[in-house]
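Structure record follows, encoded as structure tokens.
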Amino acid sequence: EDQVTQSPEALRLQEGESSSLNCSYTVSGLRGLFWYRQDPGKGPEFLFTLYSAGEEKEKERLKATLTKKESFLHITAPKPEDSATYLCAVRSNFGNEKLTFGTGTRLTIIP
Amino acid sequence: KAGVTQTPRYLIKTRGQQVTLSCSPISGHRSVSWYQQTPGQGLQFLFEYFSETQRNKGNFPGRFSGRQFSNSRSEMNVSTLELGDSALYLCASSPGATDTQYFGPGTRLTVL
């Protein structure tokens, strides 16, 4: 069965203090790894899709990277508006190909 | 392009009642998935529809059901509501069955 583990569960950073969020996964053949951002009481907002080890994608202060066992979401010089829960999900090439989500990292940026 | 819309946004029901939630996908998207999100369990997959056919189903009891119409709009139904069904129900659409999913704002269901 596909598994996704995100760490840390919660992270508090000062504004401008860069850091990384981790997503470790176990899947029988990776079709895609997805990062989402979710604000309280709202639906997840799509950030990135990564398909193969070595792939990297960037958007503003965020950069996502992928290896064969984990993905990192790097946040450079974060601002208070980056505060949110960041979710990672994987889709397998086999079985029913459903999305499996991790429980997320709750990020708080302190001004 | 308009995003995924879900109605109603908020709903309060009592135990034993049933409820129907609606989801309109992004124009041109043929796949719709439903998820239940609770603080303790995170995002749990309910089911996925593609071209009016249920493609995948999660590990939820038969009280949870869904369907998709020819215009790709989808509904999910929960019968005989229990207190534990209180959650944020999220709908996501994608162009094809295995593409990136885009989420709606969710329906907050409270069961009293």
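Just so you know, all these numbers are worked out from the coordinates, no wet-lab data involved. Just so we're clear, the structure is a prediction, and the values are computed from it rather than from any experiment. Note that each Cβ is placed from the backbone with ideal geometry, even for glycine, and that neighbours are counted across all protein chains shown.
For B:K13, all conditions in the list (1) of a type outside the set (S, T, N, Q); (2) more than 13 Å from every other protein chain (Cβ to nearest Cβ); (3) surrounded by fewer than 17 Cβ atoms within 10 Å (Cβ to Cβ); (4) more than 17 Å from B:L81 (Cα to Cα) hold save one; what is the number of the exception?
B:K13 satisfies all of (1) of a type outside the set (S, T, N, Q); (2) more than 13 Å from every other protein chain (Cβ to nearest Cβ); (3) surrounded by fewer than 17 Cβ atoms within 10 Å (Cβ to Cβ); (4) more than 17 Å from B:L81 (Cα to Cα) except (4).
Which of the strands (runs of 3 or more DSSP E) found entirely inside region B:3-108 contain at least 1 residues meeting this: among the aliphatic types (A, V, I, L, M)?
Per the criteria, B:10-13, B:19-24, B:31-38, B:42-50, B:74-78, B:87-94.
B:G96 fails exactly one of the following numbered conditions: (1) closer than 27 Å to A:Y51 by Cβ; (2) away from chain A (no Cβ under 13 Å); (3) touching a strand residue (DSSP E or B) at 6+ places or on another chain (Cβ under 7 Å); (4) surrounded by fewer than 16 Cβ atoms within 10 Å (Cβ to Cβ). What is the number of that condition?
With respect to (1) closer than 27 Å to A:Y51 by Cβ; (2) away from chain A (no Cβ under 13 Å); (3) touching a strand residue (DSSP E or B) at 6+ places or on another chain (Cβ under 7 Å); (4) surrounded by fewer than 16 Cβ atoms within 10 Å (Cβ to Cβ), B:G96 is out only on (2).
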